[in-house]
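Okay, so here's the structure we're looking at.
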Amino acid sequence: MNTAITVPEDLWEGDGEGVITAWLVDDGAEVHQGDLVAEVMVEKAQYEIEAPVSGVLTIARQEDEVVAKGTPIASLEA
């Protein structure tokens, strides 16, 4: 089963966009539900993105890419 990792709709207030500043795990790595996988910077605030389920990570968006709320940035294959 494939599960998307998206930028949560409630991560920050307003409609501003964020920038992926870091991937905390490598593409193809196995992660567990709740593991921190990425960091997103929005207006001088750093937010952490967690894995919603366990699986193998496939990164879809690279560091320094601009992302909006709800944007899929990676997927997990269980």
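Couple of notes before you dig in:
- Pairwise label distance in nanometres, E43 with V19, each label 7 Å out on the Cα-Cβ vector: 1.7 nm
- Calculated SAXS-style log₁₀ I(q)/I(0) at q = 0.15, 0.19, 0.25 Å⁻¹ - the chain, Debye, Cα scatterers: -0.44, -0.70, -1.18
- Put a dot 7 Å past the Cα of M1, heading toward its Cβ, do the same for V53, and the two dots end up 0.4 nm apart.
- Shown here for the range 44-76: trypsin sites (Lys or Arg not before Pro) in loop regions (DSSP other than H, G, I, E, B) with at most 14 other Cβ atoms within 10 Å, namely K44.
- The H on the amide N of T6, modeled in the peptide plane, is under 5 Å from the matching H of I73, each at least 5 residues off or on a different chain.
- Accessible area per residue was computed with a 1.4 Å probe on protein heavy atoms; E17 scores about 120 Å².
- Peptides 36-43, 7-14 ordered by packing proxy, namely the average of other Cβ atoms within 10 Å per residue, highest first: 36-43, 7-14.
- Percent RCO, i.e. relative contact order, over the chain, from Cα pairs under 8 Å lying at least 6 residues apart: 43 percent
- Backbone amide hydrogens, once placed in the peptide plane, bring D35 within less than 5 Å of A51, excluding anything fewer than 5 places away on its chain.
- Heavy atoms of L76: accessible area, 1.4 Å probe, square angstrom to 10: 0 Å²
The values are calculated or read from the model by the stated rules, or taken from the named source; none is laboratory data. As the structure is a prediction and not an experimental result, all values here were calculated from the model. So basically every Cβ, Gly included, is an ideal-geometry build from the backbone, and we count neighbours across all protein chains shown. For accessibility, only protein heavy atoms count, side chains too; no ligands or nucleic acids. Shrake-Rupley method; radii C 1.70, N 1.55, O 1.52, S 1.80 Å.
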